[in-house]
Amino acid sequence: MEVRPPLTLSSFILFEERRRARAAGEKGDFCALLASIQSACKIISRAVHRAGVDELHGALEHVNIQGEVVKRLDVLSNDTLIHFLCNSGQLCVATSEETEDIIRPPDYLTGEFVVTFDPLDGSSNIDAGVNVGTIFGIYRRISDSGPDGRQPGNIQDALQPPKNLIAAGYTMYGASTILVLATEQGVNGFTLDTGIGEFIMTHPEIKLPTRGKTYSINEGNSASWDKSTTEFIAYCKSEDESKKCYSLRYIGTMVGDVHRTLCYGGIFMYPADARAKNGKLRLLYECGPMGYIVEKAGGRATTGKMQIRDIQPVELHERAPIFLGSKLDVEQVEAIYAKNS
Ligand code: AHG
Ligand code: MN
Ligand code: MN
Ligand code: MN
């Protein structure tokens, strides 16, 4: 019997992606960038799983640019990702939920790629031991890298629409640590084997069912929803001979709610409402990367009125309404918004 060693994320990145990048004549080392993100996620995973033991729960005294109380693990995760990205030699600029301005490595370490990231998503859940995650998106720089390729980047490199993404992914820290990576070739999931410290491919070629059976939204906001959201949620709850009512699933960590949607189908929503005209989730490091991943898995991502991929960001931390998941469910939301416009 042929014994095939498990396909690890490291080998996947090195062989699959390096061959593609060389064939495409791409500049920069995409594999080295992905390897730096993988290393950072392994360290964050260990910190999240040891948070109670190592007294890493709880909040610090200050609030971030979002106006949110900052948790100890927000800072640890942010610092870890900044360290690995800046030292990879592949980063032009980065944007983080936890950092007000763009992040640049020392000039001699400037590279070809732009990374947007949410270092710890769902941090309000961390002290209760509920799943949290890291979200990242990868672009190519658009500013000139100069004769030596080390020309520092600028904010325009960071303010790119999600349709320019060349890869995106998330790591979910839960009962197991799962890294899902989407590239132009498709979406694959890897589970961390802590015994050997490697992510092993466990979810090859993830594809979203075209219609789901669950809807995911914070029902506590229903009094503020607009007419179209209210109409679509009523459809989810309706039942007749042709359709059973959907089940509500919501854990309040985008990575967890999106991962379940990616695995089983359904629709995740954080719409605009009377109190938040652009919803809550941030375009560059939550809606954009998650929309890219879902699209590469055959799904769809919209604000209700336009596709997430087409939004041209104006500010680093701007927010966007989002409905993402199974294609037919999301198209139904878009049809309701079109009817009510
Ligand atoms: P973060 O912890 O990175 O600030 O993100 C929290 C987000 C997202 O993870 C989740 O979908 C949403 O907040 C939940 O918001 P509500 O608690 O308002 O439902
Ligand atoms: Mn936050
Ligand atoms: Mn988040
Ligand atoms: Mn966060």
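What the table below lists for this structure:
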read-out: With at most 10 other Cβ atoms within 10 Å, longest stretch of the chain clear of loop trypsin sites (Lys or Arg not before Pro) (DSSP); value: 1-243
read-out: Residue of ALA234, ALA94, ALA272 that the Gaussian network model of the chain assigns the largest fluctuation, springs spanning Cα pairs under 10 Å; value: ALA234
read-out: The chain - percent relative contact order, Cα under 8 Å, separation 6 or more; value: 15 percent
read-out: Nonlocal amide H pairs with ASP193, under 5 Å, H built at 1.01 Å; value: GLU198, PHE199, ILE200
read-out: Distance violations [Cα-Cα > 31 Å] among LYS244/LYS339; LYS42/LYS280; LYS207/LYS280; LYS27/LYS327; value: LYS27/LYS327
read-out: Low-density loop positions, GluC sites (Glu not before Pro), the stretch 209-240 - DSSP coil, at most 14 other Cβ in 10 Å; value: GLU239
read-out: Amide proton proximity set for LYS213, modelled H, under 5 Å, gap of 5+; value: GLY266
read-out: Derived scalar couplings ³J(HN,Hα) [the stretch 188-197; Karplus, 6.51 cos²θ - 1.76 cosθ + 1.60; whole Hz; x for Gly, Pro]; value: 9, x, 10, 10, 6, 8, 5, x, 10, x
read-out: Rotationally averaged projected area of the chain (alpha carbon convex hull; nm²); value: 19.6 nm²
read-out: The stretch 298-331-the stretch 105-149 distance, computed between alpha-carbon centres (Å); value: 20 Å
read-out: For the stretch 9-203, accessible area per residue (1.4 Å probe, heavy atoms of protein chains only), Å²; value: 41 Å²
read-out: Förster-model FRET efficiency, 35 Å R0, HIS203 and GLU61, C-beta, rounded to 0.05; value: 0.30
read-out: Fraction of beta bridges assigned by DSSP in the stretch 9-203 that are antiparallel (%, nearest 5); value: 90 percent
read-out: Size of charge dipole - the chain - debye, nearest 20, with Cβ of Lys, Arg +1 and Asp, Glu -1, no other charges; value: 840 debye
read-out: Accessible surface of the stretch 82-240 [probe 1.4 Å, protein heavy atoms]: carbon and sulfur percent; value: 50 percent
read-out: Cα centroid separation, the stretch 52-75 to the stretch 150-184 (Å); value: 23 Å
read-out: Under the Karplus curve 6.51 cos²θ - 1.76 cosθ + 1.60, θ = phi - 60°, whole-Hz ³J(HN,Hα) for the stretch 222-233, x wherever Gly or Pro sits; value: 4, 5, 9, 5, 7, 4, 5, 4, 4, 5, 5, 5
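The values are calculated or read from the model by the stated rules, or taken from the named source; none is laboratory data. A quick note: this is a predicted structure, and the numbers were derived from the prediction, not measured. Heads up, the Cβs are rebuilt from the backbone with ideal geometry, glycines too, and the neighbour counts pull from every protein chain shown. When the accessible area is computed, the model is the full protein with side chains, heavy atoms only, and any ligands, DNA or RNA have been set aside. Shrake-Rupley method; radii C 1.70, N 1.55, O 1.52, S 1.80 Å.
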